[in-house]
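Student: First the structure, which I've put down as structure tokens, then a few questions once you've had a look.
The values are calculated or read from the model by the stated rules, or taken from the named source; none is laboratory data. In this text, all values refer to a predicted model and were calculated from it rather than measured experimentally. Here the Cβ is made from the backbone with ideal geometry for all residues, glycine too, and neighbour counts use every protein chain on show. Keep in mind that these areas ignore ligands, DNA and RNA; they rest on the heavy atoms of the full protein, side chains included. Shrake-Rupley method; radii C 1.70, N 1.55, O 1.52, S 1.80 Å.
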Amino acid sequence: MEQALIYKEKEEFKDVHWVLKNASAKQFYEFSLEMEEFPNIRIQNIGNLEETGLSFENDTISGIPLKNNMYHLDVRFYHTHDQNQIEIKKIQLFVNADPKDLWRNIPSDTNAAFYKSKEDSYKGSFSDKKIVVVSKRGRSHAHEGKFREDDFAVNTLPNGWNIISVSDGAGSASAAREGSRLATTTINHFFNSQEILNQIENNINVLYINQFPDKEQLKAKKDTINILSESVLHVYHTLEKKAAENALSVNDLHTTLIFTLLKKFSFGYVILSFGVGDCPINLINTDFSEVKLLNQMDVGEFGGGTRFITMKEIFNDKMASRFQITCVEDFSYLVLMTDGIYDPKFTTENKLEDVESWKALFEDLAGNNDDRTKADFINDEKIDEELLIWSDFWSRGNHDDRTLAIIY
């Protein structure tokens, strides 16, 4: 009777139909085998599992599969009352291809005009805080051997000022990669001037330090915005000159531009910001309870289109609204990004001031993602390398260049 019961329980275990959920190559996988109905059956190991890159422990298959395939696995098991007799149950595991592997990664032409590397990164200090910036060529450009159109520039300026600028060249513009490079380097160089920074600082003193009448404060704000306007107009003229020198139209250099000019004063951080295009600048307060958008976004109003620093029509009476002067006692993060990050991670503009959406982004950065990639802002010795790896995340339909700058 005992042998008959053992045989019956073994056969019932063999007959149960297990459908393992599909895995995806290079993504973490976990599947628990349901053993509650078989209290006398123990799985010893799973044959052929090692070739998948997965492991088996405590009735659970887990790990990161190496490549796509249909794997035929042997579940080796025994009955607790007949431990010397090993039986085999057949199951199958299908591993989907990593969608990243379906995209080609063709090098861009090193001999082409305005050659640009496929990725770039920077880490360092920014005032009394730290900064990390990464910029990576998107899969759509890599697939065709085209260039990274995004760019950025970071500079320490006189008098304790710092500047970070980020630019996203238009994919349809033939020399956009040079437009984005030139826009960022030009705006940063403009402010590398003791005279200009002194003028700004005098206005800041009127606005925040001394008790000046409203009329004088209004003038100080207007004067500051006039200086910022001059800087942006200087970028336009520089791009216009570059186009003429290379027999190009200024439209061939189409690019967006955002920047923040920052200094820590005794009363707090003053942040001067500007934006044209669809790249956001966000300031997150110290306890992560509030997020502010520090620039005007050119989305929606133009039917999904964007504006570029190369468009003369933006230099109108509405230009002043593109500048913001912000003063805060402290902050936890100041973030600038191109739409290659913004589109997949936020989707819509109204989420850019949503605290929960930002918390989700930083949980993602902490490793809560399919790739298990993380950027460690505490032990940040390799933060630039980690963030560059993280920026290669998969998002269906979102394959644009990605640039992300975080001051923390």
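Student: Using only alpha-carbon positions, what ratio does the radius of gyration of segment 108-236 give when scaled by 2.2 N^0.38 Å?
Tutor: 1.32
Student: How large is ³J(HN,Hα), in whole Hz, for each residue of segment 306-321 in order, when computed from phi with the Karplus curve 6.51 cos²θ - 1.76 cosθ + 1.60 and θ = phi - 60°, using x for Gly and Pro?
Tutor: 9, 10, 10, 5, 7, 9, 4, 5, 6, 8, 10, 6, 8, 4, 4, 5
Student: Just report the Cα centroid separation between segment 49-120 and segment 143-186, whole Å.
Tutor: Between the Cα centre of segment 49-120 and that of segment 143-186, the gap is 38 Å.
Student: Here is a follow-up. Per residue, how many Å² of accessible area does segment 236-366 show with a 1.4 Å probe?
Tutor: So segment 236-366 comes to 40 Å² accessible per residue, rounded to a whole number.
Student: Additional query: Label segment 252-354 by shape, choosing from rounded, prolate and oblate, from the square roots a ≥ b ≥ c of the eigenvalues of the Cα gyration tensor; if a/c is under 1.5 it is rounded, and otherwise prolate applies when a/b is larger than b/c, oblate when it is not.
Tutor: oblate
Student: Could you derive backbone 3J(HN,Hα) for segment 326-342 from the dihedral phi with the Karplus parameters 6.51, -1.76 and 1.60 (θ = phi - 60°), listing whole Hz in sequence and x where the residue is Gly or Pro?
Tutor: 10, 10, 9, 5, 6, 7, 9, 9, 10, 10, 10, 8, 8, 5, x, 9, 4
Student: While we're looking at this one, here's another question. Along the positive direction of the dipole of segment 131-188 (beta-carbon charges: Lys, Arg +1; Asp, Glu -1; about the Cα centre), which of Phe147, Ile187, Leu157 reaches farthest?
Tutor: Phe147
Student: Consider a paramagnetic label point 7 Å from the Cα of Ser174 along Cα→Cβ; state which residues of segment 124-147 have an amide N under 18 Å from it.
Tutor: In segment 124-147, the label zone of Ser174 (backbone N under 18 Å from the point 7 Å along Cα→Cβ) covers 146-147.
Student: How large is ³J(HN,Hα) for each residue in segment 151-156, as worked out from phi by the Karplus curve 6.51 cos²θ - 1.76 cosθ + 1.60 (θ = phi - 60°), to whole Hz, x for Gly and Pro?
Tutor: Couplings: 7, 7, 8, 10, 9, 8 Hz.
Student: Can you list the aspartates and glutamates whose alpha carbon is less than 18 Å from that of Lys10, not counting same-chain residues fewer than 8 positions off?
Tutor: Glu2, Glu34, Glu36, Glu37, Asp59, Asp74, Asp82, Glu87
Student: Excluding same-chain residues fewer than 8 positions from Lys374, which aspartates and glutamates have a Cα within less than 16 Å of its Cα?
Tutor: Once the sequence-local aspartates and glutamates are set aside, what remains near Lys374 is Glu363, Asp364, Asp384, Glu385, Glu386, Asp392.
Student: Restricting attention to segment 19-54, which trypsin sites (Lys or Arg not before Pro) occupy a DSSP loop and are surrounded by at most 13 other Cβ atoms within 10 Å?
Tutor: Listed in order of number, the matching sites are Lys21.
Student: Please get the size of the charge dipole for segment 40-152, origin at its Cα centre, with Cβ charges of +1 on Lys and Arg and -1 on Asp and Glu, quoted in debye to the nearest 20.
Tutor: 380 debye
Student: Charges only on Cβ, +1 for Lys and Arg, -1 for Asp and Glu: so what's the dipole of segment 145-275 about the Cα centre, in debye to the nearest 20?
Tutor: Here segment 145-275 has a charge dipole of around 200 debye.
Student: Can you give the helix-only mean residue ellipticity at 222 nm for the chain, where every DSSP H stretch with n ≥ 4 adds -39500 (n - 2.57) and the sum goes over all residues, rounded to the nearest 500 deg cm²/dmol?
Tutor: About -8000 deg cm²/dmol.
Student: If packing is taken as the mean number of other Cβ atoms within 10 Å per residue, what is the order of 139-151, 116-128, 261-273, highest first?
Tutor: The densest-packed peptide leads the list: 139-151, 261-273, 116-128.
Student: Now for a different question. Given the pairs Lys130/Lys382; Lys345/Lys382; Lys136/Lys359, which are separated by over 20 angstrom at their Cα positions?
Tutor: Check vs 20 Å cut-off fails for Lys345/Lys382; Lys136/Lys359.
Student: Another question, if that's okay. Ignoring ligands, DNA and RNA, what percent of the 1.4 Å accessible area of the chain is carbon and sulfur?
Tutor: Answer for the chain is 46 percent, counting heavy atoms of protein chains only.
Student: Sort 131-138, 353-360 for me by packing, meaning the mean count of neighbouring Cβ atoms within 10 Å per residue, highest on top.
Tutor: 131-138, 353-360
Student: Next question. Hey, if you put +1 on the Cβ of every Lys and Arg and -1 on every Asp and Glu Cβ in the chain, which of Leu49, Tyr208, Leu253 ends up farthest toward the positive end of that dipole?
Tutor: Leu253
Student: Of the peptides 278-291, 156-169, 314-327, 188-201, how do they stack up when ordered by the mean number of other Cβ atoms within 10 Å, highest first?
Tutor: 156-169, 278-291, 188-201, 314-327
Student: Let me ask something else. Treat every Asp and Glu Cβ in the chain as -1 and every Lys and Arg Cβ as +1, leave all other atoms uncharged, and give the resulting dipole magnitude about the Cα centre to the nearest 20 debye.
Tutor: Charge dipole of the chain: 1200 debye, to the nearest 20.
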